[in-house]
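To start, the structure itself, in structure tokens.
The values are calculated or read from the model by the stated rules, or taken from the named source; none is laboratory data. Note that this is a predicted model, so its numbers are computed, not measured. A quick note on method: Cβ atoms are made from the backbone with ideal geometry, for glycine too, and the neighbour counts reach across all protein chains shown. Keep in mind that these areas ignore ligands, DNA and RNA; they rest on the heavy atoms of the full protein, side chains included. Shrake-Rupley method; radii C 1.70, N 1.55, O 1.52, S 1.80 Å.
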Amino acid sequence: MIRFAIKNLCRRPIRTALTAGGVAAAVCVLASLLAFGEGYRKSLDIELKRMGIQMMLVPPGCPYDAAARVLKGKALDVSLPESALAAVRLDSAVAQAAPLLMAAIPRPSEGRTDMWVGIDETLLPLKPWWKFAGKSGWFTNPSSVIMGNEAAVTEMRRAGDSLYSPETKREFHISGILERSGTSDDSMFFVPIQTAQEMFHQEGRITAVGIRLKDPSQAATAAVRFQQIPGAQVVTMGEMMGTFTTLVDSVRTLMVGIAGLALVVSGLTVFNTMLAMVMERTRELGVMRAAGAGRGHLLKLLFTESLLLTGFGSGLGLLIAVLFSSTAEHFARMAVPLAPDGRLMDLSPAIALQCAGAGILVGAVAGIYPACRAAALQPIAAMRESAQ
Amino acid sequence: MATTTEKPIIEAQNLSREYARGPEHVNALSNVSFHVMPGEMTAIVGPSGAGKSTLLHLIGCMDLPTSGSLHIDGVDTAGLKDRQLTRLRRDSVGFVFQQFGLIPTLNVLENVLMPTLFSGRQEAARALQLLEQVGLAHRAKHRPHELSGGEMQRTAIARALINSPRILLADEPTGNLDSASGAEVLQLFKSLNSKGLTVVLVTHNESAAATASRRMTIADGQLVADIRQ
Ligand SMILES: Nc1ncnc2c1ncn2[C@@H]1O[C@H](COP(=O)(O)OP(=O)(O)OP(=O)(O)O)[C@@H](O)[C@H]1O
Ligand SMILES: [Mg+2]
């Protein structure tokens, strides 16, 4: 029966291919979008957990943008007074608070922008994953620099080498190189905070304060207190992640809606194709009835054909989604600002199953009416109709 | 050939079939009564539009009479449900059509086996044997479009026989064939009939009618002559 159904589908290969292609396209888009949302949420989650920072004090402006920029190691145009740091440290709920001063040095000749970050040792507990390569280590003097792994590779420097920064006309000594962490730290240059303040003429200013609380559940009440600090606003990571995910989710809902619509349209083509198959084969179906096929047999045959058609289409769509997930990831990364570093596309078996299920469900719904039409044919009506 | 102790295999009493064509009613068949004994070979003849196909479809349980009664292979068809009619059709009759009705995507062997898709029986060996019998064993793997008209019709006959029916119904089986292939097909009917198969064929062709042992003439929906030759 199934082989017979396949042969019937192969009778009009182009029409069958087009119909299956429509289903494939819809399922592919649906799967990619769902995978994207899933992957985005997961990588964001991982990235935020790894931060070791639960809260951040940033200058006024869009707080989420500011926080995201700091997390991604991008410079802020505005800054906080150092007194904000002192105020935070006074709060009893705070376990650790570390100042950050970020500045970007554009290097057009090399086609990149170097991020310089002023830090002090209070940052270390907030970056528990930091490991120094080999015997390298923490700053030894004000002109020490710690380089992220990638930064060291691009500059072709090793621990102990010196590094000249032509833009600020300073000579540095590389005290440490960080092992690769997969975060934005990999491409940064860390210097003692006072050095950074001098370099960028930001004496007494910082860009952000990273905060870890003694008890993370105190975040909400602590946030209210930090909000009182003049010239600063507070962002909790949970909130920030929430904002990101709602933003991404709402865009995604829209896109999934469109993909769903595409699926419905592909369902209509399946419907149309199946109905045409029944019409074309009316005489044959009559011959089958004469040969002992019951209504149920024809119902089953036509229904099988439409399931095979959409099943094949869905499979193809998923295959394409998997094969091109890295390309899709590339485009998604270009389209989504401040995307997390982890994998954006996460096509889990559950999602694949859901999409295939949706595709086949469409096939089933679209196949019902044509199959019923086939089953309802009167044997002689079927013969006569096409005898004319 | 028919002995009086045997029961008729087809028994029709006052069979009528009316069609509604717009507001008027067409009596395609009115009050036709006859019976056919097992092993008979009957030709139904008559002018176009006389009701020959209508009668054949009734006998084949493809259609139901408006009134009258019909027994096929001992089963009263009155009040049978679609499912039961289907079963009767599958087990008791084989159909052969003027246009062959082969499925183009299936090869000869698969076409012969097509009815077993619906009966669930395994008949591969029997299919090969039937192809042997109709002289098409060497064509088993060919597609219908690679066959001559006569070969297509012989394939259709093998298909009609796959479920071992007792009755073979044919509606103008030679209508689309040249005279040589037509004669071959008729010869095949004759030899099947000589092995005990009951054959009813509708024909316009005089020589085809002459091969049968009985000739029923239908005109205007009525049985006007019934001659055993
Ligand atoms: N479904 C139908 N609706 C209305 N009228 C019909 C229908 N089927 C058959 N008829 C009419 O019934 C009559 C008998 O038709 P039938 O097909 O049995 O004739 P026939 O003897 O087989 O003719 P032919 O030799 O041309 O095949 C014709 O007048 C035909 O027009
Ligand atoms: Mg006819």
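Below are the figures for this structure:
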{"item": "With DNA, RNA and ligands ignored, accessible area of A:MET345 (1.4 Å probe; Å², nearest 10)", "result": "10"}
{"item": "In nm, spacing of pseudo-spin labels at A:SER181 and A:ARG12 (7 Å Cα→C-beta vector)", "result": "6.1"}
{"item": "Whole-angstrom gap from the stretch A:175-242 to the stretch B:155-229, using each part's C-alpha centre", "result": "97"}
{"item": "With every protein chain in place, the stretch A:237-388: carbon and sulfur % of accessible area (1.4 Å)", "result": "75"}
{"item": "Whole-percent carbon and sulfur share, accessible surface of chain B, 1.4 Å", "result": "49"}
{"item": "B:ALA219 versus A:ARG170: modelled label distance in nm, points set 7 Å from Cα along the beta carbon direction", "result": "12.0"}
{"item": "For chain B, diffusion coefficient by Stokes-Einstein and Kirkwood Rh (Cα), 4 °C, 1.567 mPa s, µm²/s", "result": "72"}
{"item": "Span from the the stretch B:130-151 Cα centroid across to the the stretch A:274-300 one, whole angstrom", "result": "24"}
{"item": "Solvent-accessible surface ranking, highest first, for A:LEU30, A:LEU90, A:LEU323, B:LEU128 at 1.4 angstrom", "result": "A:LEU90, A:LEU323, B:LEU128, A:LEU30"}
{"item": "Solvent-accessible area per residue for chain B (1.4 angstrom probe, square angstrom)", "result": "43"}
{"item": "Residue-level accessible surface for A:MET240, protein heavy atoms, 1.4 Å, Å²", "result": "10"}
{"item": "The protein assembly as shown: calculated mean residue ellipticity at 222 nm from DSSP helix runs of at least 4, using -39500 (n - 2.57)", "result": "-15000 deg cm²/dmol"}
{"item": "Whole-Å distance, taken between Cα centres, linking the stretch B:20-79 and the stretch A:105-163", "result": "98"}
{"item": "Estimated buried accessible area (total), pair B and A, 1.4 Å, Å² to nearest 100", "result": "2200"}
{"item": "Per residue value of the accessible surface for chain A (all protein chains in place, 1.4 Å probe), Å²", "result": "46"}
{"item": "10 Å Cβ neighbours from other chains, averaged over peptide A:290-302", "result": "6"}
{"item": "Spacing of the two label points (7 Å from each Cα toward its C-beta) at B:VAL75 and A:GLN378, in nm", "result": "2.1"}
{"item": "Heavy-atom accessible area ranking, 1.4 Å probe, most first, across A:ILE320, B:ILE162", "result": "A:ILE320, B:ILE162"}
{"item": "Kyte-Doolittle at least -0.5, axis length at least 27 Å by Cα - qualifying DSSP helices, chain A", "result": "A:13-51, A:237-280, A:295-323, A:349-376"}
{"item": "Sequence-distant residues sharing a close amide H with B:MET114 (under 5 Å, placed H)", "result": "none"}
{"item": "Contact order relative to length of chain A, as percent, for alpha carbon pairs under 8 angstrom and 6 or more apart", "result": "30"}
{"item": "Largest-first principal axis extents of the Cα set of the protein assembly as shown (Å)", "result": "125, 49, 37"}
{"item": "Length-normalised contact order of chain B in % [C-alpha pairs under 8 Å, at least 6 apart]", "result": "28"}
{"item": "Label point 7 Å beyond Cα of A:ALA95 along Cβ direction - residues of the stretch A:210-247 with amide nitrogen under 18 Å", "result": "A:210-223, A:236-239"}
{"item": "Ellipsoid semi-axes in whole angstrom, largest first, where each is sqrt(5λ) of the Cα gyration tensor of the stretch B:1-127", "result": "27, 20, 15"}
{"item": "Label-reachable residues, the stretch B:62-87, where backbone N falls under 14 Å from a point 7 Å from B:SER33's Cα toward its Cβ", "result": "B:68-71"}
{"item": "Candidate lysines - alpha carbon under 29 Å from B:LYS81, same-chain residues fewer than 8 apart omitted", "result": "A:LYS300, B:LYS7, B:LYS52"}
{"item": "Extension gain from A:ARG158 to A:ALA133, taking 0.36 nm per residue of separation minus the Cα-Cα distance", "result": "8.0 nm"}
